[in-house]
1. Could you give me the ³J(HN,Hα) list for the range 112-121, computed from phi with Karplus coefficients 6.51, -1.76, 1.60 and θ = phi - 60°, whole Hz, x at Gly and Pro?
2. Obtain the nm distance between the two label points defined at Gln159 and Gln40 by a simple spin-label model: each point lies 7 Å from its Cα along the Cα-to-C-beta direction.
3. With 19 Å as the limit, write out which pairs from Lys115/Lys171; Lys141/Lys181; Lys114/Lys141; Lys115/Lys142 have Cα-Cα distances beyond it, or answer none.
Amino acid sequence: MANRSSGAQCATATSIPQLVATSSQRTNLDTVQIYRAVVQGYIRRGQQKQERDLSLRKSIGGIGVALGLLLTGASVALAQSAPADDKVRPDPLRAAADSWDANHDGVYTCDEWKKHLDRIFTLADRNHDGRLDVAEFATVKKADPALADADFGYFDENQDGKITRDEFVSKPSEFILRFDKNGDCRVTQDEIKAGSAPAQAGPKQPARDRFHTN
């Protein structure tokens with residue numbers, strides 16, 4: 001009986017260190033696994049951060065390229081459109097001349113201009129007294145864009161406050177004065193092209209007539 005009890009004590013004494021060792025091994029193993037998980041977590045976060053940074057750099061690069069192309073395209077479009085606008089912008093003096101080219105042959109004569117002024121005078125002379133006062137002259141300025149800034153005193157030669165038909169119709173056309181270089185009272189398309197060419201460097205010559213007293 002005593003031997004049995006002694007053997008049990010020996011077995012118990014032997015198993016306790018083993019249990020402690022086993023428990024310690026398990027603790028160490030758990031600690032290693034925890035460290036490994038933590039390290040792997042840091043690695044994954046680092047990789048994710050690198051991927052995000054790379055994606056952000058790509059996005060910024062793409063935006064920069066797109067913006068550069070947009071600005072380049074806008075600059076080219078502006079450079080191309082500016083001269084085009086200058087070419088298609090109509091000359092108001094030439095546009096107004098088409099309204100009094102009676103036979104629409106592209107040749108503008110003094111006779112056609114005088115007939116044009118005669119029609120305007122008739123339109124403006126509301127009381128049919130053969131003279132235009134300041135109020136009636138407002139109709140003249142509306143009838144032809146070339147006369148929009150015309151001065152009443154320019155047409156009223158004797159300064160009596162009235163413009164007669166002769167005073168009105170006798171005034172020359174600014175369009176003809178500008179383009180009729182040979183003085184034959186006719187403006188052809190060739191003269192218009194020559195007169196529309198860029199002016200040579202030098203002092204600017206004043207217009208011979210702008211429907212003003214000054």
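1. These are the phi-based 3J(HN,Hα) values: 5, 5, 5, 5, 5, 5, 5, 5, 5, 4 Hz.
2. Those two pseudo-labels are separated by 10.8 nm.
3. Pairs exceeding 19 Å: Lys141/Lys181.
Read-outs: derived from the displayed coordinates by stated rules, not from any lab. All figures in this text were calculated on a predicted structure; none of them were measured in a lab. No Cβ is skipped: glycine too gets one built from the backbone with ideal geometry, and neighbour counts run over all protein chains shown.
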